[in-house]
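The values are calculated or read from the model by the stated rules, or taken from the named source; none is laboratory data. Fair warning: this is a prediction, and the values are worked out from it, not measured in the lab. Backbone-built Cβ (ideal geometry, glycine too); neighbour counts: all protein chains shown. Only protein heavy atoms, including side chains, enter the accessible area calculation; ligands, DNA and RNA are left aside. Shrake-Rupley method; radii C 1.70, N 1.55, O 1.52, S 1.80 Å.
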Amino acid sequence: MEQSHKALLVGASGLIGGQLLELLLNDEYYSEVEIWLRKPTGISHPKLRERIIDFSTITDIPSVEIDHLFCCIGTTIKKAGTQDAFRKVDFEYVVNLAQLAERSTCSKFIVISSIGADSKSSNFYLRVKGEMEETVRSTRIPGIIIIRPSLLLGKRREFRLGEKIFQFLMPSINHLLIGKLKKYRGIESLNVAKAMLSLAKNDTNGISVIESDKINALAL
């Protein structure tokens with residue numbers, strides 16, 4: 001009998017998370033897909049389990065019975081309102097989820113970071129992402145996969161003017177980014193979701209950092 005697998009997806013309401021949810025539900029590898037979010041999605045599927053959660057209480061959860069945890073949560077400083085509020089989501093919540101995976105049955109933790117993430121960066125956004133990565137790396141989860149996409153190409157629910165401008169310009173810029181600059185090319189959000197799924201199903205353990213230029217190959 002083929003082994004069944006259970007996935008937990010956090011961030012299903014976002015651009016990549018929404019596309020990843022659809023992939024998970026349509027993949028026979030997973031017999032159950034649980035999502036944690038603040039409000040219902042309205043999606044109905046035999047494999048789907050929704051859990052409405054206050055993310056500040058993640059540390060109170062003793063453990064969960066899952067095989068893979070996909071972490072797609074994230075915000076912007078503009079949307080969060082302050083740097084502290086941004087850090088709470090992109091560092092604290094993510095780290096708390098990784099630590100939950102560590103004390104559970106979870107064998108893979110797959111998290112979205114950002115191209116250029118660096119704990120020593122002078123850029124606040126990239127510094128927080130880098131600090132998150134370092135803390136997640138320190139856990140004892142058998143398989144840790146850090147995804148570092150560049151500018152995401154895809155249709156978001158909310159309007160982001162700066163992102164829209166770059167998305168418009170990116171097709172003409174992409175061909176100029178070659179060699180070491182290739183990882184800065186814009187990337188389709190669906191390809192990121194496909195790569196996350198492919199990497200989760202791979203038997204390789206340890207810590208993997210996947211830069212943006214490697215994501216498209218994994219999405220094939």
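Looking at F86, F91, which is the one that is among the aromatic types (F, W, Y), open to solvent by 20 Å² or more (accessible area, probe 1.4 Å) and either farther than 24 Å from T204 by Cβ or in contact (Cβ under 8 Å) with a residue 12 or more places away in the chain (or both)?
Going through F86, F91 in turn, the sole match is F91.
Which of the residues spanning the range 34-75 are closer than 17 Å to M196 by Cβ and either of a type in the set (A, V, I, L, M) or more than 19 Å from the chain's Cα centre (by Cα) (or both)?
I35, I66, L69, I73, listed by residue number.
Could you look through the range 175-220, keep only residues that are among the polar types (S, T, N, Q) and surrounded by fewer than 18 Cβ atoms within 10 Å (Cβ to Cβ), and pick out the one that is modelled with the lowest pLDDT?
Going through the qualifying residues, I end up with N216.
Going by the structure shown, is I73 in contact with a Gly (Cβ under 6 Å, 6 or more places away or on another chain) and either assigned to a loop (DSSP other than H, G, I, E, B) or at positive phi (or both)?
yes
Do the conditions hold for S150, that is, is it in contact with a Gly (Cβ under 7 Å, 6 or more places away or on another chain) and either under 21 Å from S13 (Cα atoms) or modelled with pLDDT of 85 or more (or both)?
yes
Given the criterion in contact with a Phe, Trp or Tyr (Cβ under 6 Å, 6 or more places away or on another chain) and in contact (Cβ under 8 Å) with a residue 12 or more places away in the chain, identify the matching residue among V10, V64, V33.
Working: V64 fails: in contact with a Phe, Trp or Tyr (Cβ under 6 Å, 6 or more places away or on another chain); V33 fails: in contact with a Phe, Trp or Tyr (Cβ under 6 Å, 6 or more places away or on another chain).
After ruling out the rest, the residue left standing is V10.
Name the single residue, out of those in the range 94-121 being part of a helix (DSSP H, G or I) and open to solvent by 40 Å² or more (accessible area, probe 1.4 Å), that is farthest from G11 (Cα to Cα).
E102
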